[in-house]
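A.B. asks: Got a structure here, written out as structure tokens. Questions coming.
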Amino acid sequence: MKALTYQGSNDVRVETVADPSLVAPDDIILRVTATAICGSDLHIYRGKIPGMEDGDILGHEFMGIVEEAGAEVTRVKVGDRVVIPFVIACGQCFHCMLDEFAACETTNTGNGAAMNPKSIKPPAALFGYSHLYGGVPGGQAELVRVPKANFGPFAVPDVLSDEQVLFLSDILPTGYQAVVNGGVEQGSTVAIFGAGPVGYMAAACARMLGAETIFMVDHNPYRLDFAKATYGVIPINFDEDDDPAATIIEATAGRGVDASIEAVGFEAKGSTTETILTTLKLEGSSGKALRQCIAATRRGGTVSVPGVYAGFIHGFLFGDAFDKGLTFKMGQTHVQGLMPELLEAIGEGRLAPEVIISHRMKLDDAAKGYEIFNNREDECRKVVLTP
Ligand SMILES: NC(=O)c1ccc[n+]([C@@H]2O[C@H](COP(=O)([O-])OP(=O)(O)OC[C@H]3O[C@@H](n4cnc5c(N)ncnc54)[C@H](O)[C@@H]3O)[C@@H](O)[C@H]2O)c1
Ligand SMILES: [Zn+2]
Ligand SMILES: [Zn+2]
């Protein structure tokens, strides 16, 4: 089969590789009908995620048709059309029983990314996301093996197109969890940092939950323009305004927003010094967007972080967070638990995640898709690939 493989920093290629086969009795083999490139894939593409090996198959946003099912699979059958959560969870362990699927204790054979975990088990395995998270082959491929098929695969009705439901695999639940973690409700004021796909999904979900004012911070004018037109956000371009938090505070009666959402992650564009420290690996993350979130949030408010972080950050103003009595919520998305209500919202027309798609390409052209998305070329917002 054909699959998009990692070959080192800034080098991904579609290659012919061996077809996957069933390993455990609760595995399925899925024939992929649609898959997307995520901002998380860009961290890998830029060589910033440890534990990658040449030839690893990428991709954790995908859906398709069940091609083959193991003897113990009861939840789905051959021919079913399903969306696959990017988090692989068993549904039965301590954390799964708490609906904390991204913390599933049984699926990850790797070590996770924590620097001081002691004897705590690593979090859930992820598709196509380095050997730290299990080294599980991803779904930017014609076929993919899906473990834990009695828990993950989520059947979707035929009346909804692939494009309408594909983002249930990751970015839609991620944006939703981010605003729910932020306590966003009717009348809330929200600041979203990052006008990428995750920021867009957060904006869509914040609107659905009744947020009154949404600020969005980025420096790609075309991305901000889209968010303004689609979600009615107040755009702030940090190339033109070097202190977005100050602007946000001024615009919220001098208090700051109820919730800030950090949808950028550890590669946030920071100061030159921070960029050097991060490049030299003296710093895990620039911390720029996180500092802005802390500054922009009102006393007693919440900073919600879907953006991916690893390692340590200097200049993390924990004292300011304490002084303001902030709440922090963060982490990988507990996808499985959020899919049913989000599917309902799509079905009822309250969410239309597919509107962010800017590029539709063949899997064969996936390397070009990575390049365009990474370089923000051609007004790229989101790339969907079809095998
Ligand atoms: N928690 C989860 O389960 C989960 C799931 C999916 C994605 N993610 C993470 O969410 C983050 C965003 O993903 P995406 O697909 O939207 O990525 P993306 O790279 O397309 O978008 C990130 C945006 O942030 C902007 N940005 C850079 N520095 C900034 C700064 N200092 N302030 C404000 N904006 C800044 C960039 O210009 C870009 O438009 C990534 O870190 C990704 O790994 C997490
Ligand atoms: Zn993702
Ligand atoms: Zn589990």
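Taken together, the values in this text are just the output of simple stated rules run on the coordinates, not laboratory data. What you see is a predicted model, and the numbers here were worked out from it, not measured in a lab. Cβ placement follows ideal geometry from the backbone for every residue including glycine, while neighbour counts extend to all protein chains displayed.
A.B. asks: Would you mind ranking K288, K2 so that the residue whose beta carbon has the fewest other beta carbons within 10 Å leads the list? Write down the numbers at each step before the final one.
C.D. replies: Values: K288 20, K2 17.
Fewest-to-most ranking of K288, K2: K2, K288.
A.B. asks: Between A246 and I357, 0.36 nm times their residue separation minus their Cα-Cα distance comes to what?
C.D. replies: Details: separation 111, 0.36 × 111 = 39.96 nm, distance 3.20 nm.
Stretched fully, the A246-I357 segment lengthens by 36.8 nm.
A.B. asks: By the scheme Lys and Arg +1, Asp and Glu -1, what is the net charge of all other residues having a beta-carbon under 10 Å from that of E379?
C.D. replies: 0
A.B. asks: What is the set of long-range amide H partners of A34 at a cut-off below 5 Å, with H atoms built 1.01 Å from backbone N?
C.D. replies: For A34, whose amide H was placed from the backbone, the distant partners under 5 Å are M63.
A.B. asks: Mind checking the dipole of the chain: about its Cα centre, +1 per Lys or Arg Cβ, -1 per Asp or Glu Cβ, Debye to the nearest 20? Intermediate values should be presented prior to the final figure.
C.D. replies: Working: 31 positive and 49 negative charges, 119 e Å.
That gives the chain a dipole magnitude of about 580 debye.
A.B. asks: Net charge near L351, counting Lys/Arg +1 and Asp/Glu -1 over other residues with Cβ under 12 Å of its Cβ? Mind showing how you got there, number by number?
C.D. replies: Values: positive: R207, R350; negative: E341, E344, E348, E354.
Local charge sum for L351: -2.
A.B. asks: Computed FRET efficiency, Cβ-Cβ of D365 and D99, R0 30 Å: what is it to the nearest 0.05? Before the final figure, lay out each step's value.
C.D. replies: Numbers: r = 38 Å, r/R0 = 1.27.
Once rounded, the FRET efficiency stands at 0.20.
A.B. asks: Under 17 Å from the Cα of K48, which lysines turn up, not counting those fewer than eight places away in the same chain?
C.D. replies: Candidates past the 8-residue exclusion: K269, K281.
A.B. asks: State the Cα centre-to-centre distance between the range 95-145 and the range 309-363 in whole Å.
C.D. replies: Centre-to-centre (Cα) distance: 18 Å.
A.B. asks: If you rank T74, T275, T107 by fewest surrounding Cβ atoms within 10 Å, what's the result? Provide the component values of the computation, followed by the final result.
C.D. replies: On the way: T74 9, T275 15, T107 24.
With the fewest neighbours first, T74, T275, T107 line up as T74, T275, T107.
A.B. asks: Roughly what % antiparallel, to the nearest 5, for the DSSP beta bridges in the chain?
C.D. replies: Details: 29 of 55 bridges.
Roughly 55 percent of the DSSP beta bridges within the chain come out antiparallel.
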